[in-house]
Amino acid sequence: MKHKQEEKILFFIMGIQRSGGSTVLDVFRYKRKVSIFTEKDKRFFDNFFLKPLESIQPLLENSKPITFIEAKSETKKREVKTIFSEFSQYTVKIIWNYRHPASVFYSRLIKYPHEDWVSDDNQFCEMWNRRNASVLSALEHYRDHIAIVKIEDLIASKKVFKQLCDFVGVKGRNKFYSDKNKIEKYLPAATIKSIHERTSAILNQLDLNRRFLP
């Protein structure tokens, strides 16, 4: 049986794309004791999904004490809980970023469109609810190792940013700025209202379970 490697902490950056995860990585990117593996790193990922542990373990063994792993696509096919079980020989922590679903929908559909992202608001709400529910279900057993972070809080509050840095153990550089593009200019009011109504239950649970408060 392998012993838990307390000297190395793996921070998995998770959440739905366009929810602030890349900015979290940028906050800590140039710190000396930090290693970062992004989803574009083909040594670590296969088509944006994590490779099996045995194939990436040499990279982890040679990484720095604090290692960030961008794993935003992972909950397309599996639950958050499986990350903890697969990487159980390490100290694992998850930073789960979320933002208002209508803002995510706007960002994916209009601001940064991608051919693989659903453009139908019904499909989007189903996906947004299902994937965010994955982190909520992991709280029962792994709450102490999960930081659910609201991006709007990071933008508005220096206190929340400091709490995030304390959670990681590294003083980062704050790169969270207010988005000047208002979704009301690009999305019909009826669409915004519909998205909010269909995602409000999960959104409320995320709000209630935030690790950091302004």
Quiz item: How about segment 124-197: which chymotrypsin sites (Phe, Trp or Tyr not before Pro) there are in a DSSP loop, with at most 11 other Cβ atoms within 10 Å of their Cβ?
Solution: Y177
Self-check item: Spin-label zone in segment 135-179 - amide nitrogen under 16 Å from a point set 7 Å from the Cα of K185 along the C-beta vector
Solution: 178-179
Quiz prompt | Low-density loop positions, chymotrypsin sites (Phe, Trp or Tyr not before Pro), segment 1-98 - DSSP coil, at most 12 other Cβ in 10 Å | solution = Y30
Practice problem: Using Cα positions and a limit of under 12 Å, work out the aspartates and glutamates in reach of K72, with same-chain residues fewer than 8 apart set aside. | Solution: E39
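How much length is gained if the chain between N204 and R173 is pulled fully straight, taking 0.36 nm per residue apart and subtracting their Cα-Cα distance, in nm to one decimal?
Gain in length upon complete extension: 8.3 nm.
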Quiz item: What residue among R99, R78, R130 shows peak mean-square fluctuation when the chain is described by a Gaussian network model with Cα springs under 10 Å?
Solution: R78
Self-check item: Separation of the E7 and K40 label points, Cα + 7 Å toward Cβ, nm
Solution: 3.3 nm
Quiz item: When the helices in the chain are scored as -39500 (n - 2.57) per DSSP H run of 4 or longer and the sum is shared across all residues, what 222 nm value do you end up with, to the nearest 500 deg cm²/dmol?
Solution: -12500 deg cm²/dmol
Quiz item: Hey, in the GNM for the chain with a 10 angstrom Cα cutoff, which one of R32, R131, R108 fluctuates hardest?
Solution: R32
Quiz item: What nm distance separates the two modelled labels at E79 and Y30, each placed 7 Å from Cα along Cα→Cβ?
Solution: 4.2 nm
Practice problem: Please identify, among K76, K182, K171, the residue showing maximal mean-square fluctuation in a Gaussian network model of the chain using a 10 angstrom Cα cutoff. | Solution: K182
Quiz item: Considering the dipole of segment 7-129 built from charges on the beta carbon (Lys and Arg +1, Asp and Glu -1) around the Cα centre, which of S73, L109, L59 is farthest to its positive end?
Solution: L59
Exercise. With only Lys, Arg, Asp and Glu charged, each at its Cβ (+1 for the first two, -1 for the last two), find how big the charge dipole of the chain is about the Cα centre; round to the nearest 20 debye.
Key: 800 debye
Practice problem: Using amide H atoms built 1.01 Å from N in the peptide plane, name the residues 5+ places from A147, or on other chains, whose amide H lies under 5 Å from its own. | Solution: I94, I95, W96
Practice problem: Assign one of three labels to segment 5-208, namely rounded, prolate or oblate, based on the Cα gyration tensor with a ≥ b ≥ c the square roots of its eigenvalues; rounded applies when a/c is under 1.5, prolate when it is not and a/b is larger than b/c, and oblate otherwise. | Solution: prolate
Practice problem: Compute the relative contact order of the chain as a whole-number percentage, counting only Cα pairs closer than 8 Å that sit 6 or more residues apart in sequence. | Solution: 27 percent
Self-check item: Angle between the chain longest axis and helix 189-208 axis [Cα atoms, degrees, rounded to 10]
Solution: 40 degrees
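FYI, it's all coordinate maths here, none of it is from the lab. The shown structure was predicted, so the numbers you read here are calculated from the model rather than taken from an experiment. Positions of Cβ are generated from backbone atoms using ideal geometry, with glycine treated the same way; all protein chains shown enter the neighbour counts.
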